[in-house]
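In what follows, a structure is listed as structure tokens, so that the remarks can point back to it.
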Amino acid sequence: MKVGSTSAQVDAVALAIKNHGVDPLVLPGEDRVAIGIPATLNSDQREAIEGELAAMEGVSKVTQTSHPYKLASREFHPTDTVVDVKGVRIGLGTFTVMAGPCSIESYEQFSEAAACVKRAGAPVLRGGAFKPRTSPYAFQGLAEEGLKIMKAVGDETGLVTISEVMSPERVSLVASYVDILQIGARSMQNFPLLIEAGKSMKPVFLKRGPSASIDEFLLAAEYVMSQGNLNVILCERGIVALDKAYTRNTLDLAAIPVLKEYSHLPIAADPSHGTGVARYVTPMAKAALAAGADSLMVEMHPNPKKALSDGSQALTPANFERLMFELRSLAASLGVRM
Ligand code: PEP
Ligand code: MN
């Protein structure tokens with residue numbers, strides 16, 4: 001729509017789209033509204049809709065995106081999206097740190113980790129309750145008990161919370177306890193899960209699959225967004241490593257500026273899973289900030305040697321506080337808020 005188009009004009013365009021039997025998606029932007037048609041149209045339908053809309057009051061232009069993803073595309077929505085979670089802003093000039101243990105193991109462990117996250121000034125607390133483990137014999141997480149701990153600790157500290165949901169049936173359960181739904185790398189193309197997470201209207205933190213291309217990643221985001229949920233944060237967490245003897249995955253930092261160019265969604269980086277080695281987390285976290293990431297997810301454990309999952313990549317509380325200190329001075333020199 002044109003800058004300054006009225007809400008009556010927006011409503012009229014949305015109604016005209018509906019009259020063609022497809023659902024419009026109204027996306028308010030910073031200075032103008034975009035109206036998407038998240039559907040595959042045949043050429044007759046497309047011609048009819050395009051002709052009609054182009055002649056309507058308030059319409060700036062009718063275009064087709066040149067990428068397979070539409071709602072996630074910057075062509076469609078030129079200004080950066082900011083995801084606001086209880087006043088914590090993710091995107092556009094702010095670097096939002098999310099930290100906590102890989103798994104929620106007990107109230108004591110989790111509240112100790114949360115106290116460190118808070119002390120260091122990070123606004124978001126992470127922790128897994130449903131864990132996607134390579135081996136069925138490994139610790140699988142505390143399930144709902146873990147979510148209860150997360151809710152209690154989140155309420156006590158005022159930190160925003162994020163936890164993974166692995167199956168569509170559990171979306172409403174996890175959404176009832178946490179502020180942000182994490183969709184793990186292994187689930188990036190679990191389409192029924194993406195659709196349920198979309199329907200929940202909760203902010204979704206979507207991790208890139210270890211072997212997913214950029215188009216596949218953005219099309220996964222598109223599944224969530226096509227349900228009307230535009231609060232998606234993309235997370236680069238490492239792709240399949242050439243040399244697993246040294247790093248668990250290869251953190252694809254170039255994906256950050258690439259995703260920024262082609263999408264308006266905020267981008268996070270996870271150097272914990274991206275390297276698998278605690279001593280590589282700090283340098284790669286700084287590199288992610290320098291590459292333009294809007295957010296960082298890091299694993300930190302009160303006692304990494306005793307961690308029930310991912311201990312080798314967990315920062316100690318002291319190292320996490322040091323990282324936050326170093327990130328702050330880098331952010332200041334880049335003109336980024338933290
Ligand atoms: C996690 O965040 O602990 C996790 C399992 O991440 P990923 O899905 O990126 O492997
Ligand atoms: Mn982990």
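Every number here is computed from the coordinates shown, using simple stated rules; none is lab data. Just so you know, these numbers come straight off a predicted model, no measurement behind them. A quick note on method: Cβ atoms are made from the backbone with ideal geometry, for glycine too, and the neighbour counts reach across all protein chains shown.
For the reader, a short list of remarks on this structure follows.
- Against the criterion of being under 30 Å from residue 68 (Cα atoms), within 16 Å of ligand 1 (Cβ to nearest atom) and touching a residue at least 60 places away in the same chain (Cβ under 8 Å), residue 310 does not qualify.
- In the set (1) touching a residue at least 40 places away in the same chain (Cβ under 8 Å); (2) under 20 Å from residue 294 (Cα atoms); (3) not β-branched (Val, Ile, Thr), residue 38 fails one condition alone, (2).
- Test: residue in region 41-55 that is in contact with a helix residue (DSSP H, G or I) (Cβ under 8 Å, 6 or more places away or on another chain) and assigned to a strand (DSSP E or B): no
- So residue 96, is it farther than 16 Å from residue 310 by Cβ, touching a His at 6+ places or on another chain (Cβ under 9 Å) and among the hydroxyl-bearing types (Ser, Thr, Tyr): no
- Any hit, region 193-206, residues being away from ligand 2 (no atom under 16 Å from the Cβ), over 28 Å from residue 77 (Cβ atoms) and free of Cβ contacts under 8 Å to residues at least 40 places away in the same chain: no
- Across region 275-296, not a single residue is classified as more than 19 Å from the chain's Cα centre (by Cα), touching a residue at least 60 places away in the same chain (Cβ under 8 Å), more than 15 Å from ligand 2 (Cβ to nearest atom) and surrounded by 15 or more Cβ atoms within 10 Å (Cβ to Cβ).
- Among the residues of region 265-283, those that are away from ligand 1 (no atom under 14 Å from the Cβ) and either of a type outside the set (A, V, I, L, M) or within 30 Å of residue 229 (Cβ to Cβ) (or both) comprise 265, 266, 267, 279, 280, 282, 283.
- Identity of the residue in region 203-216, more than 11 Å from the chain's Cα centre (by Cα) and within 21 Å of residue 163 (Cα to Cα), that ends up surrounded by the fewest Cβ atoms within 10 Å (Cβ to Cβ): 210
- Residue 119 assigned to a strand (DSSP E or B) and within 23 Å of residue 157 (Cβ to Cβ): no
- Among the residues of this structure, residue 263 counts as one that is away from ligand 2 (no atom under 14 Å from the Cβ) and over 30 Å from residue 107 (Cα atoms).
- None of 84, 23, 80, 31 is under 25 Å from residue 201 (Cβ atoms) and in contact with a strand residue (DSSP E or B) (Cβ under 9 Å, 6 or more places away or on another chain) except 84.
- Region 281-320, residues that are acidic (Asp, Glu) and closer than 20 Å to residue 253 by Cα: 294, 299
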